[in-house]
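K.L.:
My structure is below; once you've seen it, I'll send some questions.
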Amino acid sequence: MTKADFAALDAAGLNLHAVFALDQLPDALRDALHNECDPARRYSQLILIGNGGRALWQAIQREGVRSADPIDDFSVCKVGRWLAEQASGRLYEIVYPGERLIGLQTLGERAGWHFASPFMVGINECWGTWFAYRVAVLADTDFEPTRPVPGESPCTPCRSRPCVTACPGKAIENRGFSLANCVRYRLCNDSACRTTCVARLACPVRAEHRYDDDQIRHAYAISLHVIEQYQGGKT
Ligand code: SF4
Ligand code: SF4
């Protein structure tokens, strides 16, 4: 086995990495992944790449990427180049970004990146909520699997829960998160959450890693567009 060198990805702001042996993943997760790939191919590992903090967006601005989805396009391009250098000749298949769900948060839990916050965005001690999954790749590589990042949920000792009181959509209730309330509020013309999440901004954990305003607007504009399309499709 070889130790993967993630330096080129770090330099692009893709600074979270996890390597899983496929045969160590739970059956349901592995089956979902296999359903996503060419059945004629056999992969041994899943490589999960994410970003924490502002470095990815800054790298995208530096390189002047202009496209409808610069984060996905940049991330896929960088990971493709990295694989060409680190795993030349090995088969691989990018399963995220893509159309179907592949259990990213479950993978994030196994990597030690994800604890559920009251508003359902992942949180951890290192990045607060300011991290995201960018690329997941099935590959026939033999990299050393990574260990889970150690840490606890920052929400456990958080007694005042400012995210809950900040949410203007009453989406965070005693019974748990109400996606319906969140969506209803976000779609209001005068919503404060059309291109942001006020609860997320109110969380004090690792606020120094908060995304640039442009990145927040970009990410939430995409999710609002998806909601509007879905709502439009129901009428
Ligand atoms: S404000 Fe407290 S409860 Fe809310 S996400 Fe942050 S740490 Fe968790
Ligand atoms: S987007 Fe707005 S309504 Fe939804 S959870 Fe965040 S703060 Fe609440």
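K.L.:
Pick out, from the range 93-199, the helices (runs of 4 or more DSSP H) lying fully within it that include 1 or more residues that are away from ligand 1 (no atom under 16 Å from the Cβ) and among the charged types (D, E, K, R).
P.N.:
The qualifying helices (runs of 4 or more DSSP H) are 104-111, 179-187.
K.L.:
I need a count of the residues in the range 204-230 that are assigned to a loop (DSSP other than H, G, I, E, B) and touching a Lys or Arg at 6+ places or on another chain (Cβ under 9 Å).
P.N.:
Total satisfying the criteria: 3.
K.L.:
Same structure again: Among the residues that make up the range 16-26, is at least one of them open to solvent by 20 Å² or more (accessible area, probe 1.4 Å) and in contact with a Leu (Cβ under 7 Å, 6 or more places away or on another chain)?
P.N.:
Scanning the range 16-26, I find at least one residue that is open to solvent by 20 Å² or more (accessible area, probe 1.4 Å) and in contact with a Leu (Cβ under 7 Å, 6 or more places away or on another chain), so the answer is yes.
K.L.:
Please determine whether any residue of the range 45-53 is surrounded by fewer than 18 Cβ atoms within 10 Å (Cβ to Cβ) and not in a helix (DSSP H, G or I). Before the answer, list the steps.
P.N.:
Of the residues in the range 45-53, the ones surrounded by fewer than 18 Cβ atoms within 10 Å (Cβ to Cβ) are none.
The answer is no; no qualifying residue exists.
K.L.:
Look at the range 207-223 and say how many of its residues are surrounded by fewer than 17 Cβ atoms within 10 Å (Cβ to Cβ) and either over 13 Å from VAL121 (Cβ atoms) or over 17 Å from the mean Cα position of the chain (by Cα) (or both).
P.N.:
The first filter runs over the range 207-223 and keeps only residues surrounded by fewer than 17 Cβ atoms within 10 Å (Cβ to Cβ), leaving 207-209, 212-214, 217, 221-223.
From what is left, the residues that are either over 13 Å from VAL121 (Cβ atoms) or over 17 Å from the mean Cα position of the chain (by Cα) (or both) are 207-209, 212-214, 217, 221-222.
Residues flagged as surrounded by fewer than 17 Cβ atoms within 10 Å (Cβ to Cβ) and either over 13 Å from VAL121 (Cβ atoms) or over 17 Å from the mean Cα position of the chain (by Cα) (or both) within the range 207-223 amount to 9.
K.L.:
For ALA132, all conditions in the list (1) within 16 Å of ligand 2 (Cβ to nearest atom); (2) over 20 Å from ASP73 (Cα atoms) hold save one; what is the number of the exception?
P.N.:
Evaluating ALA132 over (1) within 16 Å of ligand 2 (Cβ to nearest atom); (2) over 20 Å from ASP73 (Cα atoms) leaves (2) as the failure.
K.L.:
Looking at (1) at pLDDT 95 or above; (2) open to solvent by less than 40 Å² (accessible area, probe 1.4 Å); (3) within 13 Å of ligand 2 (Cβ to nearest atom), can you tell me which one GLY176 breaks?
P.N.:
Condition not satisfied by GLY176: (1).
K.L.:
Do we find a residue being in contact with a Lys or Arg (Cβ under 6 Å, 6 or more places away or on another chain) and open to solvent by less than 40 Å² (accessible area, probe 1.4 Å) anywhere in the range 56-78?
P.N.:
The answer is yes; a qualifying residue exists.
K.L.:
Looking at the range 224-235, is at least one residue closer than 26 Å to GLY53 by Cβ, in contact (Cβ under 8 Å) with a residue 24 or more places away in the chain, among the acidic types (Asp, Glu) and open to solvent by 50 Å² or more (accessible area, probe 1.4 Å)?
P.N.:
Within the range 224-235, none of the residues are closer than 26 Å to GLY53 by Cβ, in contact (Cβ under 8 Å) with a residue 24 or more places away in the chain, among the acidic types (Asp, Glu) and open to solvent by 50 Å² or more (accessible area, probe 1.4 Å).
K.L.:
Under 9 Å between Cβ atoms, at least 6 apart or on separate chains: pull out the pairs that start in the range 179-206 with a residue that is open to solvent by 30 Å² or more (accessible area, probe 1.4 Å) and among the basic types (Lys, Arg) and end on any residue that is at pLDDT 95 or above and within 7 Å of ligand 2 (Cβ to nearest atom).
P.N.:
ARG184/GLY169; ARG184/ALA171; ARG194/ARG186
K.L.:
Here's something else I'd like to know. Check the range 115-122 and report whether any residue there is within 23 Å of ILE216 (Cα to Cα), more than 15 Å from ligand 2 (Cβ to nearest atom) and not β-branched (Val, Ile, Thr).
P.N.:
yes
K.L.:
For the range 92-104, which residues satisfy the criterion of being surrounded by 15 or more Cβ atoms within 10 Å (Cβ to Cβ), of a type outside the set (D, E, K, R) and touching a strand residue (DSSP E or B) at 6+ places or on another chain (Cβ under 9 Å)?
P.N.:
TYR92, ILE94, VAL95, TYR96, PRO97, ILE102, LEU104 - these are the residues of the range 92-104 that are surrounded by 15 or more Cβ atoms within 10 Å (Cβ to Cβ), of a type outside the set (D, E, K, R) and touching a strand residue (DSSP E or B) at 6+ places or on another chain (Cβ under 9 Å).
K.L.:
Just the residues that are of a type in the set (S, T, N, Q) and more than 24 Å from the chain's Cα centre (by Cα), please, taken from the range 172-189.
P.N.:
Answer for the range 172-189, where residues must be of a type in the set (S, T, N, Q) and more than 24 Å from the chain's Cα centre (by Cα): ASN174, ASN189.
The values are calculated or read from the model by the stated rules, or taken from the named source; none is laboratory data. Only a predicted model underlies this, so the values are computations on that prediction, with no experimental measurement involved. We place every Cβ from the backbone using ideal geometry, glycine too, and count neighbours over all the protein chains shown. Quick note on the areas: whole protein, heavy atoms, side chains included, nothing else; ligands and nucleic acids left out. Shrake-Rupley method; radii C 1.70, N 1.55, O 1.52, S 1.80 Å.
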